[in-house]
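Have a look at the structure below before the remarks.
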Amino acid sequence: MDKIVIRGGERLIGEVEVSGSKNATLPIFASCLLSEGTNVFHNVPNLKDVQTIIKVLNNLGVNVYKQGEAYRIDTKEITNVEAPYDLVKTMRASILVLGPLVARTKRAMVSLPGGCAIGARPINLHLMGLEAMGAKIQLRHGYIEARADELKGADISFDTVTVTGTENLMMAATLARGKTILHNAAMEPEVVDLANVLTKMGARIDGAGTSLIEIEGVKSLHAVEHTIIPDRIEAGTLMVAAGVTRGNIKINKAPVQHMQTIIHKLRESGMEIEPDGDGLRVVGMKRIRSVDVKTQPYPGFPTDMQAQFMVLMSLARGLSVISETIFENRFIHVSELQRMGADIRIQENTAIIQGVESLSGAPVMATDLRASASLILAGLAAEGVTQISRVYHLDRGYEGLDKKLSRLGAKIERVKEGS
Ligand code: EPU
């Protein structure tokens, strides 16, 4: 197993490019199950989670191969309808094959994802929506078994905004008979990218990017070619890297239009952020101001940036309050940041952070993807050496983050655990 070793204190300077979005790629790859033919995708990030969704698709009989930088996904035939526990347990987003499978093959067997480090993460709303569309669902032996001879359009209202829930039902509805209306739908840019792919495939979707999505079912969908949007969370993570190292970096392909709240909060903290070419020029200031943040569904401040922002606030002058409203247990990075000298108190879903002059390097352990990213950021800013173990979490969702940071001047290397 790899670990990452960082000697902190280097100012990051230079240019870096954002990779394709993980959370757009996963549903878009699953959506291929709805179409018959060979789909082609560009700007796909090289990530563990992308390899996992490919394995899930392979297991269903779908042929996925790379040609140059492009991925080709051939869904002419689906020979199996099961997403097994071994794959789903490594990536919850495997649940995204449920909706498309029921719609295309009338039957799906998907392992229940189970708990997760950041919260219970139930999928009741995915199931409620499919049942409203006429699917018969049974939970047996740890599996969701869903059947529907024909899905029919339905009026569905989400109690809680759910990203993959919206995506699953939007995909299922494209091949249902009649109209489906999704109320309180997720408005994330990744939902919109998926809707764009489905529309190219021939689906009839209105309102993606708003809280009310209407889908008029069609008989069949065809294969498409598409370029995945850049990853706004990776871009935000790189921005914080500039902030905590008082760096000056140009982030090419940063999806500025999807990052307004992140940009706003980072500017409030004192960072200089300006559009530059197809991305952003980001400059970190000596004095970091404390800023309060509350995570919310898009267009609010993303929960996927909460841990990274907390590192910035750990180095700010004054007191800041970060409230996590999406996941009940997404403060697992806090105890590790405390080991590096951060002054953070947790009260229920709120972190109260008293900024400190500096962090000090320490051996720490990553327990989820965004927590790993936050520990890397803390290591970049800290005095001395930080060793981050269990970096496989990082590789699930960041393409070569250590290499990108190294090219910006960070003293960061990946070594085999135990060495
Ligand atoms: N929820 C329910 N019932 C459901 C579904 C969700 O109660 O049926 C609750 C969840 O427990 C949570 C809230 O609704 O409290 C929001 O969860 P959501 O369903 O939106 O999360 P998700 O779709 O499982 C996606 C991203 C996450 C990101 C969240 C929130 C993908 C593949 N994953 O997860 O990304 O944190 O939305 O924005 O799109 C990450 O990339 O690190 C990551 C965890």
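Name the residues in region 241-259 that are part of a helix (DSSP H, G or I) and either more than 18 Å from the chain's Cα centre (by Cα) or at pLDDT below 95 (or both), would you?
Within region 241-259, Ala241, Ala242, Gly243, Val244 qualify.
Filter region 283-310 down to residues that are outside any loop (DSSP other than H, G, I, E, B) and of a type in the set (Lys, Arg) and give me whichever is surrounded by the fewest Cβ atoms within 10 Å (Cβ to Cβ).
For region 283-310, the residue satisfying everything is Lys294.
Please go through (1) buried (at least 21 other Cβ atoms within 10 Å of the Cβ); (2) more than 28 Å from Ser220 (Cβ to Cβ); (3) away from the ligand (no atom under 16 Å from the Cβ) for Ala103 and return the number of the only condition it doesn't satisfy.
Answer for Ala103: the failing condition is (2).
Which condition does Val291 not pass, out of (1) aliphatic (A, V, I, L, M); (2) more than 16 Å from the ligand (Cβ to nearest atom); (3) more than 29 Å from Thr160 (Cα to Cα), if it passes all the others?
(3)
Which pairs turn up if I take residues in region 286-303 that are on the phi < 0 side of the Ramachandran plot and look for partners that are outside any strand (DSSP E or B) and modelled with pLDDT under 95 with beta carbon separation below 7 Å, at least 6 apart in sequence or on another chain?
Short answer, once both residue conditions are applied: Thr303/Phe327; Thr303/Arg330.
Take region 57-97 and flag every residue that is assigned to a helix (DSSP H, G or I) and closer than 20 Å to Met170 by Cβ.
Leu57, Arg92, Ala93, Ser94, Ile95, Leu96, Val97
Looking at (1) over 20 Å from Ile229 (Cα atoms); (2) crowded, with 17+ Cβ neighbours inside 10 Å; (3) among the hydroxyl-bearing types (Ser, Thr, Tyr); (4) within 13 Å of the ligand (Cβ to nearest atom), which is the one condition that is false for Thr164?
Among (1) over 20 Å from Ile229 (Cα atoms); (2) crowded, with 17+ Cβ neighbours inside 10 Å; (3) among the hydroxyl-bearing types (Ser, Thr, Tyr); (4) within 13 Å of the ligand (Cβ to nearest atom), Thr164 violates only (1).
Which residue, of Leu112, Leu98, Leu125, is within 13 Å of the ligand (Cβ to nearest atom), closer than 18 Å to Thr52 by Cβ and buried (at least 19 other Cβ atoms within 10 Å of the Cβ)?
Leu98
Tally the residues that are within 16 Å of the ligand (Cβ to nearest atom), of a type in the set (Val, Ile, Thr) and closer than 30 Å to Arg287 by Cβ, restricting the search to region 369-409.
Residues in region 369-409 being within 16 Å of the ligand (Cβ to nearest atom), of a type in the set (Val, Ile, Thr) and closer than 30 Å to Arg287 by Cβ: 1 in total.
The values are calculated or read from the model by the stated rules, or taken from the named source; none is laboratory data. These figures come from a predicted structure and were not determined experimentally. Please note: Cβ atoms are built from the backbone with ideal geometry, for glycine as well, and neighbour counts cover all protein chains shown.
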